[in-house]
Amino acid sequence: LQKVIRKENKAFIEDCERRKSPSAPTPDYQGVSDEDSKQVTGSSVADLSLDVIREYTKRLGLPLKVPSPRLWEYMKKAGFLVEASKKAVPIPTVAGLVCFGKSPDHILHQCKIKAYRLKGKPEDRGNIESRVIGNGQKDITGSLPHMVREVERFFQSRGPKVPKIEGMVREEVDEYPLRAIREVIVNALVHRDYRAGAYVDFKIYDDRIVVKSPGHAPAPITIEQIRSYSIPLSIRRNPRIAYAAATFGLMEEGATGLNKIRNELQMSGLSDPEFSYEPGIFVVTLLGRELTPLSLRLSLEIRSQLDQRQIDILDLAKEMGKITSTACMKKWRISRETATQDFKKLMRLGLLEKKGIGRSTYYVLI
């Protein structure tokens, strides 16, 4: 049985042998896996959501009754089911449970997203439980589209808000664009290594959002290509899950996801995302306004309406946390009237907000 054992546990044995040797290099990426086509022992079609399957077949335009033998036959060909025996009902694969499972974590325990809203920054002290804000902790599982929607709801209800002024109307909006959040989460679920037992980790801090997913980028994609947005090919570690995600409208089939994240952040005046590796983990970090240079937060249209002193006023307000007319008069040797006109313009453009009254008046960045 030694040959059978080595074949069935090939990845595990190779990983143990690599860990055993201190001098053995750790690869920067792993190859495309066939994990999503493997049957999940102990599961059955009863573990799949018929409503989600109906949504899937409707999007594909397939005239299949749900459930029906013809449907199961199609799902076997698509790699979501495997035939246990001629007479038995087919068994879901990893892809089948991930994409359509009601509660896939009951069988594949790693099929879960641990979502948190935490006060402070990642480097701050204190355990997770002591830093959770309100009810900002949730375990998210279910079918692929359900998990994505639940993360979106978690983000919109618990994520940081920033003020936005349109004319005379002030409103609170999400600090990060929802489309960027969705793209990061979909990528984490589609490209993660389902051989690993770890969960996808989604943490919202005061100044950033950090998403961690098990596994490195599939070969031959390198971290350098990811950081430079120069991925030559659309390579999927889990091709069946990726195809289902595209069918559900959660992602595109081309290698455009990273560029979409960057573009969405740029349009919201935020820095480009950061990509890094921890041992066996791919990490995406979205930087909030606090960590974004002011020059990136100003659109070309806004910037063209400002002179250098007004831009410098914004920089000083960011550095000091607030700014006053007196401080501007002293620093730039201008009159109170000139300082007042600068502040009026910056408020009209939705960049500064007035606080206090009389001699206690000061201005803060919006």
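Number of residues in region 293-332 that are over 14 Å from Leu351 (Cβ atoms) and in a loop (DSSP other than H, G, I, E, B): the value is 3.
Pairing each residue of region 284-296 that is closer than 14 Å to Pro177 by Cβ and among the charged types (D, E, K, R) with any residue that is modelled with pLDDT under 80 and open to solvent by 20 Å² or more (accessible area, probe 1.4 Å), provided the two are 6+ apart or on different chains, yields C-beta distances under 7 Å for Arg289/Arg297. Condition test on Ile226, is it at pLDDT 85 or above and either among the polar types (S, T, N, Q) or within 30 Å of Leu352 (Cβ to Cβ) (or both)? Against the criterion (at pLDDT 85 or above and either among the polar types (S, T, N, Q) or within 30 Å of Leu352 (Cβ to Cβ) (or both)), Ile226 does not qualify. Within region 151-169, the set of residues being touching a residue at least 24 places away in the same chain (Cβ under 8 Å) and farther than 23 Å from Gly350 by Cβ comprises Val151, Glu152, Phe154, Phe155, Arg158.
In the condition set (1) within 21 Å of Gly120 (Cα to Cα); (2) open to solvent by 50 Å² or more (accessible area, probe 1.4 Å), Arg297 is compliant with all but (1). A count restricted to region 80-122 and to residues that are touching a residue at least 40 places away in the same chain (Cβ under 8 Å), over 25 Å from Ile281 (Cβ atoms) and crowded, with 17+ Cβ neighbours inside 10 Å stands at 7.
Can we say Ser143 is crowded, with 18+ Cβ neighbours inside 10 Å, hydroxyl-bearing (Ser, Thr, Tyr), touching a residue at least 40 places away in the same chain (Cβ under 8 Å) and over 30 Å from Glu353 (Cα atoms)? Taking the combined requirement at face value, the residue satisfies it.
In summary, Pro63 fulfils each of the numbered conditions (1) open to solvent by less than 60 Å² (accessible area, probe 1.4 Å); (2) free of Cβ contacts under 8 Å to residues at least 60 places away in the same chain; (3) farther than 28 Å from Tyr205 by Cβ; (4) out of contact with any Phe, Trp or Tyr (no Cβ under 6 Å at 6 or more places or on another chain) with the single exception of condition (1). Cβ separations smaller than 9 Å between residues 6+ apart or across chains give no pair from region 170-185 residues that are over 13 Å from Leu286 (Cα atoms) to residues that are open to solvent by less than 70 Å² (accessible area, probe 1.4 Å) and among the basic types (Lys, Arg). Tallying residues that are surrounded by fewer than 16 Cβ atoms within 10 Å (Cβ to Cβ) and of a type in the set (Val, Ile, Thr) within region 208-250 yields 2.
The set of residues in region 344-362 being surrounded by 15 or more Cβ atoms within 10 Å (Cβ to Cβ) and touching a Phe, Trp or Tyr at 6+ places or on another chain (Cβ under 6 Å) consists of Leu352 alone. For region 123-140, what are the residues that are open to solvent by 40 Å² or more (accessible area, probe 1.4 Å) and either free of Cβ contacts under 8 Å to residues at least 12 places away in the same chain or farther than 30 Å from Thr41 by Cβ (or both)? Selection gives Glu123, Asp124, Arg125, Gly126, Asn127, Ile128, Glu129, Ser130, Ile133, Gly134, Asn135, Gln137. Yes or no: Ile281 closer than 29 Å to Ile181 by Cα and either within 32 Å of the chain's Cα centre (by Cα) or open to solvent by less than 50 Å² (accessible area, probe 1.4 Å) (or both)? In short, yes. The one condition from (1) crowded, with 22+ Cβ neighbours inside 10 Å; (2) closer than 23 Å to Leu351 by Cα; (3) not hydrophobic (A, V, I, L, M, F, W, C) that Glu183 does not meet is (2).
Here Ala196 meets each of (1) of a type in the set (A, V, I, L, M, F, W, C); (2) touching a helix residue (DSSP H, G or I) at 6+ places or on another chain (Cβ under 6 Å); (3) surrounded by fewer than 23 Cβ atoms within 10 Å (Cβ to Cβ) with one exception, condition (2).
Counting only helices (runs of 4 or more DSSP H) wholly contained in region 173-286, the ones carrying 2 or more residues that are among the hydrophobic types (A, V, I, L, M, F, W, C) and under 23 Å from Glu150 (Cα atoms) occupy 178-191, 239-247, 257-267. Among residues of region 337-366 that are part of a loop (DSSP other than H, G, I, E, B), those with a beta-carbon under 6 Å from a residue that is open to solvent by 60 Å² or more (accessible area, probe 1.4 Å) at least six positions away or on a different chain give the pairs Gly356/Tyr362.
The values are calculated or read from the model by the stated rules, or taken from the named source; none is laboratory data. This structure is a prediction, so every number in the text was calculated from the model and none was measured. Neighbour counts are summed over all protein chains in view; Cβ atoms, including those assigned to glycine, are modelled from backbone coordinates with ideal geometry. For the accessible areas, the whole protein counts, side chains as well, though only heavy atoms, and no ligand, DNA or RNA atoms are used. Shrake-Rupley method; radii C 1.70, N 1.55, O 1.52, S 1.80 Å.
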